[in-house]
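Student: This is the structure I have questions about; it appears just below.
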Protein chains: 2
Amino acid sequence: MARKQGSHADITGPKVQQAALRLIADHGFAAVSMRQIAAEVGVQAGALYNYTPDKQSLLFDLMQGHMDDLLGALEAAAFQGDALTRLEAFTRFHIRFHLPRADQVFVSYMELRNLSAANFAEIEKMRHRYEDALEDILRVGQAEGVFAVADTRVATMAIIGMLTGLSHWYRDGGRLDMIEIEAIYWDLVRKSVAKPA
Amino acid sequence: MARKQGSHADITGPKVQQAALRLIADHGFAAVSMRQIAAEVGVQAGALYNYTPDKQSLLFDLMQGHMDDLLGALEAAAFQGDALTRLEAFTRFHIRFHLPRADQVFVSYMELRNLSAANFAEIEKMRHRYEDALEDILRVGQAEGVFAVADTRVATMAIIGMLTGLSHWYRDGGRLDMIEIEAIYWDLVRKSVAKPA
DNA sequence: GTCTATAAGATGATAGAC
DNA sequence: GTCTATCATCTTATAGAC
């Protein structure tokens with residue numbers, strides 16, 4: 001099959017997403033121009049519009065893709081067992097999913113206000129589903145008398161805040177590797193909601 | 001004393017900072033133009049340059065001012081007593097200082113990558129001093145056998161992450177007021193580093 | 001699918017009048 | 001101290017050739 005010269009949709013498409021993610025994570029959505037993204041990909045600016053109708057959609061697709069991956073992985077994990085076991089599984093899942101995706105996490109967190117109202121609502125809904133998965137675990141554990149939290153919603157937000165914060169300071173090749181970090185964070189999370197002995 | 005018409009340095013100066021903070025918190029530094037800030041203040045764009053040499057300095061001054069306030073308030077608080085008492089004081093201090101300053105917290109957190117390298121280093125140094133205040137408390141408590149944390153630095157970052165995350169979701173007029181939130185967060189923090197009974 | 005060229009407007013910052 | 005006017009450059013997005 002003859003291919004038209006200069007036609008590389010299957011290669012360029014992913015490269016656009018990748019370049020956009022990289023640049024937006026580094027400099028912020030508003031600070032990155034379509035020309036910069038095009039230069040990183042190795043095409044002219046006009047060619048980008050074969051892959052996205054506009055700049056806003058490019059951001060939305062990145063964030064939606066990230067949330068799709070997250071919720072898909074969460075569902076696939078399907079934590080089983082008692083509340084304490086499920087909380088440990090959630091904690092370790094969160095860290096293992098997020099730490100290797102520093103750019104996606106950063107963009108998904110920092111660029112929410114650059115989404116259009118409709119796109120923002122969409123992403124927020126997905127994020128809410130993720131939070132609810134944790135709150136469900138806390139509520140069951142609370143009902144079973146395994147946990148002792150004053151408010152499951154606040155505890156949910158506090159734990160997710162603690163875990164998400166990790167992505168903002170952790171760097172590969174640092175003093176502690178991911179396995180060690182995971183153990184320390186799980187210890188903190190476990191105790192924070194534990195029933196006093 | 002006759003004042004030149006149209007001369008309002010003492011009024012305009014603070015208004016510029018205030019307008020910039022407000023707009024940058026809402027839309028992001030790169031997305032906000034000097035013209036937008038000027039319009040919010042009620043002057044023309046050129047007049048802003050009586051108050052800042054350039055846009056970058058405007059951002060830096062906002063962030064430096066916030067960190068100055070934070071470190072000043074921390075020093076003034078001068079937590080006394082045993083490690084547990086000091087940890088409680090730090091936790092409540094953090095929440096009481098940050099919750100009423102949502103815009104400043106947001107900007108100081110989100111716009112770090114829009115600082116020049118030199119300005120970034122300056123702010124990071126200040127942030128580090130704040131983190132060290134908490135780590136000092138944890139280290140003392142650990143040495144005294146009051147706390148049981150696997151790693152004081154990681155625990156420091158985890159607790160600050162948890163507390164900072166609060167600023168990202170808390171809204172005035174919500175289900176719980178600041179006093180209730182404070183109690184719940186202190187309970188989580190206290191237990192997370194507690195020695196098992 | 002990618003290119004070049006371009007439209008139509010916004011940007012940070014400065015100069016000089018008042 | 002603020003204004004108006006301006007510079008030089010950058011912006012997103014589109015049109016049409018190949």
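The values are calculated or read from the model by the stated rules, or taken from the named source; none is laboratory data. Values in this document were obtained by computation on a predicted structure and should not be read as measured data. Every residue, glycine as well, gets a Cβ built from its backbone with ideal geometry; the counts of neighbours run over all protein chains shown. SASA here: full protein model, heavy atoms, side chains in, ligands and nucleic acids out. Shrake-Rupley method; radii C 1.70, N 1.55, O 1.52, S 1.80 Å.
Student: Could you please give the count of residues in region A:144-185 that are among the β-branched types (V, I, T) and farther than 26 Å from B:E180 by Cβ?
Tutor: Within region A:144-185, residues that are among the β-branched types (V, I, T) and farther than 26 Å from B:E180 by Cβ number 3.
Student: Another one. Considering only region A:128-143, I want to know if a residue exists there that is under 16 Å from the mean Cα position of the chain (by Cα) and either outside the structural domain of A:T91 (by TED's automatic domain parsing) or open to solvent by 70 Å² or more (accessible area, probe 1.4 Å) (or both).
Tutor: yes
Student: Do we have any residue at all in region B:99-109 that's part of a helix (DSSP H, G or I), within 11 Å of chain A (Cβ to nearest Cβ) and of a type outside the set (D, E, K, R)?
Tutor: Checked region B:99-109: at least one residue is part of a helix (DSSP H, G or I), within 11 Å of chain A (Cβ to nearest Cβ) and of a type outside the set (D, E, K, R).
Student: Next question. Considering region B:48-66 alone, what residues qualify as being outside any helix (DSSP H, G or I) and within 10 Å of DNA strand D (Cβ to nearest atom)?
Tutor: Matches in region B:48-66: B:Y51 only.
Student: Select from region A:25-47 the residues that are of a type outside the set (G, A, S) and assigned to a helix (DSSP H, G or I) and write down the one among them that is farthest from DNA strand C (Cβ to nearest atom).
Tutor: Applying the filter and picking the extreme gives A:D26.
Student: Of all residues in region B:148-162 being open to solvent by 10 Å² or more (accessible area, probe 1.4 Å) and outside any loop (DSSP other than H, G, I, E, B), which is farthest from the other protein chains (Cβ to nearest Cβ)?
Tutor: That would be B:T152.
Student: Next question. Can you tell me which residue within region A:163-181, out of those that are buried (at least 19 other Cβ atoms within 10 Å of the Cβ) and closer than 14 Å to B:R153 by Cα, is nearest to the other protein chains (Cβ to nearest Cβ)?
Tutor: Checking each candidate, the answer is A:G165.
Per-residue answers, yes or no, for (1) in contact with a Lys or Arg (Cβ under 8 Å, 6 or more places away or on another chain); (2) within 12 Å of DNA strand D (Cβ to nearest atom); (3) within 14 Å of chain A (Cβ to nearest Cβ); (4) open to solvent by less than 80 Å² (accessible area, probe 1.4 Å):
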site	(1), (2), (3), (4)
B:R35	no, yes, no, no
B:A39	no, yes, no, yes
B:G46	no, yes, no, yes
B:D68	no, no, no, no
B:E75	no, no, no, no
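Student: Now, a different point. Could you go through region B:80-90 and let me know if any residue there is within 14 Å of another protein chain (Cβ to nearest Cβ), of a type outside the set (G, A, S) and crowded, with 16+ Cβ neighbours inside 10 Å.
Tutor: Yes, region B:80-90 has at least one match.
Student: Which pairs do you get when a residue that is assigned by TED's automatic domain parsing to the domain that holds B:D61, found in region B:109-120, comes within reach of a residue that is modelled with pLDDT under 95, reach meaning Cβ atoms under 7 angstrom, with the pair 6+ apart or on two chains?
Tutor: Hits for this filter: zero, empty list.
Student: Conditions first: (1) open to solvent by 20 Å² or more (accessible area, probe 1.4 Å); (2) more than 21 Å from the chain's Cα centre (by Cα); (3) more than 10 Å from DNA strand C (Cβ to nearest atom). A:T52 passes all but one, so which condition is the exception?
Tutor: Exception for A:T52: condition (1).
Student: Additional query: For region A:135-181, name all the residues that are among the aromatic types (F, W, Y) and closer than 24 Å to B:Y109 by Cβ.
Tutor: Within region A:135-181, A:W169, A:Y170 qualify.
Student: Starting from region B:18-47, take each residue that is under 23 Å from A:F29 (Cβ atoms) and list its partners that are within 8 Å of DNA strand C (Cβ to nearest atom) and part of a loop (DSSP other than H, G, I, E, B), counting only C-beta distances under 6 angstrom and pairs at least six apart or across chains.
Tutor: B:L23/B:V32; B:I24/B:V32
Student: For residues that are more than 8 Å from chain B (Cβ to nearest Cβ) and not basic (K, R), tally how many sit in region A:182-197.
Tutor: 2
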